[in-house]
Amino acid sequence: MKKSLSLVLVLLMILGISLSASADEPVSFSVTFLKNDWHGDPNNMEIMQKLEEEANVDIDWQIYSNATWSEKKNLIINSGDLPDVFYMNAVNATDVAKYGPQGMFLDMTDLIDQYCPNLKAVMEANPTFKALCTNPADGKIYSISRAAEREANTLAGQMYIYKPWLDKLGLEVPTDYESFYQVLKAFKEQDPNGNGQADELPFAFSNMELSYSFGNLFGMFGYGYNLDYGLKCDGITVVGDEVVFVPRTENYKEAIAYFNRMFTEGLFSAEDYATQDSKLLNSKLHSEEVTVGCFIAFDANIVVPADRLDDYVQMEPMAGPRGDRIWMQTENPNNMGGTQFVMTYKAKGKEEAIMRWLDAHFEKTNSIQLFLGSIGTNLEYDENGMLVYVPTPEGQSYSEFRYANCPVHVPCSISADQWNTDIQIMDEDAGRWVYMQEVLKPYLTQHALYQYVIDEDSKYLTSRGKDIMDYVRTTEARWMTSGGVEEEWDAYIKQLNALGIDEYVQVKQGILDRFQAAGK
């Protein structure tokens with residue numbers, strides 16, 4: 001009897017040891033990795049190995065080319081042969097809104113509370129980030145965005161002027177709408193490039209790209225304005241908690257009359273007004289002889305040859321007739337967004353381990369390395385304890401060096417105040433960041449509307465909403481280039497009312513209200 005009891009105890013002890021060992025085995029699951037031309041293999045990235053070790057998981061990376069992913073995604077979703085995790089924006093917001101409520105993607109709302117203290121803390125500290133992760137239709141969280149804030153990228157373009165021409169003509173950088181007109185007129189008429197030809201282009205831009213259009217110059221008249229008429233912004237500017245439909249304001253009428261003067265006198269180009277992208281602007285700024293006096297762009301170094309960069313100086317927002325100096329921000333809140341992480345129904349039974357792995361992304365130093373590269377390879381600490389960039393190896397671009405060692409487009413968090421304290425500002429952001437902090441911040445009081453739409457919004461905006469914006473766009477183009485805003489204004493407002501402009505504004509206000517509520 002004693003021998004039998006002892007044998008049972010020994011077997012239980014062995015079984016207990018076996019169960020304990022089994023409990024420590026890494027949990028395996030599959031994750032998509034969308035590889036661009038620069039990306040290294042995620043299996044060899046130090047930061048990805050670190051996350052696996054911290055969460056005690058073993059990832060089966062399903063690697064796809066980012067360039068051909070769209071077609072493959074549809075095949076995968078339609079087949080039902082899903083990975084456990086869609087990663088790196090493998091599915092978009094439309095997919096999330098469609099498949100989340102259907103159960104294809106798992107609701108993570110309660111799982112975050114249970115297993116993700118780091119992620120939960122970021123959401124509590126950053127309501128906008130929480131709102132970006134929340135599905136507007138049902139208030140549930142099916143996807144996790146990236147919260148790597150880059151304030152410099154929220155600027156809707158910067159304005160530059162060619163200082164040698166100002167110096168030659170004895171002019172100062174313009175500071176208001178009237179001196180701007182006078183400077184452009186001098187650029188056009190006084191041959192500042194000295195070649196004896198009237199080839200000067202006083203002001204250049206690319207319409208319908210927010211960072212390259214002249215929409216921010218509407219800020220001289222009280223409201224910044226996005227000239228992109230897609231479903232993203234549609235003439236809406238956000239001021240505090242309210243949306244404003246700019247094209248029905250007296251400010252807009254005044255601005256149109258001013259810009260018509262610019263077009264009529266050849267100071268603004270009708271060709272630029274009809275241009276959809278920045279390629280034409282780039283070509284003009286790369287002409288053999290300098291011909292562009294002033295322009296708006298995301299950043300000068302993108303469109304200006306290196307040997308001319310120092311000659312184009314940044315301008316401050318100019319004052320309008322009532323002293324308004326508004327400069328508008330993009331709709332993307334601090335460059336956050338995306339659907340970087342979505343857990344599918346195939347992950348059932350492994351949720352805890354997967355959420356542990358997700359939460360490790362939001363530990364402070366892990367987040368930095370996921371976005372910028374590994375400490376010891378891409379980054380190192382300086383004498384003040386700030387992470388700075390290791391020199392890029394010869395023969396590699398910075399992007400090649402960075403993407404070889406980290407995924408970049410994944411869930412992580414770097415707050416705006418960490419730049420130049422915990423981590424050195426990125427070179428590509430440095431000029432914009434300094435200019436924003438030192439010059440523009442007081443004027444960045446308005447922004448475009450982040451489109452947080454539900455199905456009902458989409459149906460309206462692609463039908464009656466589109467009718468309104470088509471009318472505005474057609475009328476605006478005629479007024480800009482041919483005039484008539486004063487004479488036609490009353491009839492224009494009457495037609496806007498007939499088309500249902502009040503309902504349009506209500507829909508847009510609802511989008512803003514839902515977005516703000518989701519972050520609370």
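The values are calculated or read from the model by the stated rules, or taken from the named source; none is laboratory data. The structure displayed is predicted, hence computed values, not measured ones. Ideal geometry is used to build each Cβ from the backbone, glycine not excepted, and the neighbour counts take in all protein chains shown. What goes into the accessible areas is simple: the full protein's heavy atoms, side chains included, and nothing from ligands, DNA or RNA. Shrake-Rupley method; radii C 1.70, N 1.55, O 1.52, S 1.80 Å.
Descriptive notes on the structure:
- Every residue from the stretch 290-305 that is under 20 Å from Val183 (Cβ atoms), open to solvent by 10 Å² or more (accessible area, probe 1.4 Å) and not hydrophobic (A, V, I, L, M, F, W, C): Thr291
- Only one entry in Lys168, Lys140 is under 23 Å from Val96 (Cβ atoms) and over 20 Å from the mean Cα position of the chain (by Cα), namely Lys140.
- Residue among Asp113, Asp95, Asp84 that is free of Cβ contacts under 8 Å to residues at least 24 places away in the same chain and among the acidic types (Asp, Glu): Asp113
Okay, residues lined up against (1) modelled with pLDDT under 90; (2) surrounded by fewer than 20 Cβ atoms within 10 Å (Cβ to Cβ); (3) in contact with a strand residue (DSSP E or B) (Cβ under 8 Å, 6 or more places away or on another chain):
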{"site": "Ser143", "(1), (2), (3)": "no, no, yes"}
{"site": "Leu155", "(1), (2), (3)": "yes, no, yes"}
{"site": "Phe180", "(1), (2), (3)": "no, no, no"}
{"site": "Pro192", "(1), (2), (3)": "no, no, yes"}
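- Options Asn89, Asn126, Asn43, Asn36; residue that is touching an Asp or Glu at 6+ places or on another chain (Cβ under 9 Å) and either under 27 Å from Glu363 (Cβ atoms) or among the acidic types (Asp, Glu) (or both): Asn126
- Filtered residues of the stretch 26-43 (kept if of a type in the set (D, E, K, R) and within 23 Å of the chain's Cα centre (by Cα)): Lys35, Asp37
- Residue match in the stretch 18-27 (condition: within 30 Å of Thr365 (Cα to Cα) and at pLDDT 95 or above): yes
- Checking each residue in the stretch 444-494 for being of a type in the set (S, T, N, Q), surrounded by fewer than 15 Cβ atoms within 10 Å (Cβ to Cβ) and more than 26 Å from Asp513 (Cα to Cα) picks out Thr474, Ser482.
- Condition broken by Asn135, with the remaining ones in (1) surrounded by 13 or more Cβ atoms within 10 Å (Cβ to Cβ); (2) at pLDDT 95 or above satisfied: (2)
- Any hit, the stretch 183-190, residues being more than 30 Å from Arg473 (Cβ to Cβ), open to solvent by 50 Å² or more (accessible area, probe 1.4 Å) and at pLDDT below 95: no
Residue by residue, here is whether (1) at positive phi; (2) touching a residue at least 40 places away in the same chain (Cβ under 8 Å); (3) part of a loop (DSSP other than H, G, I, E, B) holds:
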site: Thr275; (1), (2), (3): no, yes, yes
site: Ser283; (1), (2), (3): no, no, no
site: Glu289; (1), (2), (3): no, yes, yes
site: Gly293; (1), (2), (3): no, yes, no
site: Ile296; (1), (2), (3): no, yes, no
site: Ile302; (1), (2), (3): no, no, no
site: Asp307; (1), (2), (3): no, no, no
site: Asp310; (1), (2), (3): no, no, no
site: Val313; (1), (2), (3): no, yes, no
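- Every pair of residues 6+ apart whose Cβ atoms lie under 6 Å, when the first sits in the stretch 396-407 and is over 15 Å from Asp427 (Cβ atoms) while the second is buried (at least 20 other Cβ atoms within 10 Å of the Cβ) and hydrophobic (A, V, I, L, M, F, W, C): Asn405/Met45; Cys406/Ile47; Cys406/Leu370
- When Arg322 is tested against the conditions (1) outside any helix (DSSP H, G or I); (2) open to solvent by less than 30 Å² (accessible area, probe 1.4 Å); (3) modelled with pLDDT of 95 or more; (4) over 17 Å from Arg432 (Cα atoms), the lone failure is (2).
- Residue count for the stretch 180-218 satisfying the condition of being over 27 Å from Val246 (Cα atoms) and in contact with a Cys (Cβ under 8 Å, 6 or more places away or on another chain): 2.
This table checks each residue for (1) out of contact with any Gly (no Cβ under 6 Å at 6 or more places or on another chain); (2) modelled with pLDDT under 95; (3) open to solvent by less than 50 Å² (accessible area, probe 1.4 Å).
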| position | (1), (2), (3) |
| --- | --- |
| Lys346 | yes, no, no |
| Ala353 | yes, no, yes |
| Met386 | yes, no, yes |
| Ser399 | yes, yes, yes |
| Met426 | yes, yes, yes |
| Glu438 | yes, yes, no |
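- Any hit, the stretch 235-242, residues being modelled with pLDDT of 90 or more, open to solvent by less than 10 Å² (accessible area, probe 1.4 Å), in contact with a helix residue (DSSP H, G or I) (Cβ under 8 Å, 6 or more places away or on another chain) and farther than 19 Å from Val472 by Cβ: no
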